[in-house]
1. Mind giving me the FRET efficiency for residue 230 and residue 298? R0 is 51 Å, r the Cβ-Cβ distance, nearest 0.05 is fine.
2. Only Cα pairs under 8 Å and at least 6 apart count here; give the relative contact order of the chain as a rounded whole percent.
3. Explain nothing, just the number: relative contact order of the stretch 1-98, from Cα pairs under 8 Å at least 6 residues apart, as a whole percent.
4. Over all alpha-carbon pairs in the stretch 52-146, figure out the percentage whose distance exceeds 17 Å.
5. On C-alpha positions alone, give me the angle between the axis of helix 126-142 and the longest principal axis of the chain, in degrees, nearest 10.
6. Within 10 Å of each residue's Cβ, count the other Cβ atoms and sort 251, 196 from fewest upward.
7. With no solvent and one point per C-alpha, what does the Debye sum give as log10 I(q)/I(0) for the stretch 1-119 at q = 0.12, 0.18, 0.20, 0.23 Å⁻¹?
8. What is the distance in Å between the Cα centres of the stretch 52-126 and the stretch 143-167?
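Each reported figure results from applying straightforward, stated rules to the coordinates on display, with no laboratory input. Small disclaimer: the values here were computed from a predicted structure and weren't measured. Note that each Cβ is placed from the backbone with ideal geometry, even for glycine, and that neighbours are counted across all protein chains shown.
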Ligand code: UDP
Ligand code: MG
């Protein structure tokens, strides 16, 4: 079995480092490297990893200069992975290392990408669940590429895929979209996500919304088209209304009409703002891309050349 790189982005996960390391060691029978990406942690995450690396040369770490976010941290890992096969997993044990044998088995069977789909989580907050369900419904409606529900970045793939994914230079990373976009032979395995044992979730609702917006606008232009459609329909109605009001005016039927005017004005204003906002999102995307800033900055490295 060729060497496996396990990429684990961590942001303030000090208590999870050693338990996860032990779990991986227990489950990964192949030759492996655990590549931790310390995404600007402010707790003792980095020193925990340092301790591990002192006793095990299979442990390596890339410490970023500040918090660059989950997706960028993973990209940093992809850029530095050295194994034949690569696995991405969260550092909070919500992605159980017990999936590793099945991952590797599927890849050996000839699949290029093996994604892990969460069966159910007892501990997911109610709103988070609703939000993600709605998001996946919406994104699959508007997007040109399929994105499966309950599939996060927990996946394994071979070197062909790694090379392909490294070619992406976009700033607005939505990795599960990229993995769908690149093609190749895919399969899915199921896993049961346990609740977080230590620490708390680093994805706030605002961050989830940002990721959702990224996923939406970076994989489809349909929202722009939809906004154009909304604009067209609303303008059509507005034009009709103009004709009607002109007719009533010339007939001499003066209408009190304050309510209707207010309704129309607010409705139109609202729609316009919505459409403009959406366009702004795409323009902001262009702006970010045009600056070509690096996705992450490395501060320190352990066991990496
Ligand atoms: N994470 C990261 N940078 C961030 C936020 C999160 O590297 O800015 C890591 C985090 O340490 C964890 C993984 O990404 O290993 C998933 O984050 P989290 O568990 O908070 O997300 P959730 O499972 O709640 O969606
Ligand atoms: Mg988690």
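1. Working from the Cβ atoms, E equals 0.70.
2. 24
3. Value for the stretch 1-98: 44 percent.
4. Pairs farther apart than 17 Å: 70 percent.
5. 70
6. 251, 196
7. -0.39, -0.89, -1.11, -1.44
8. Here the two parts' Cα centres lie 12 Å apart.
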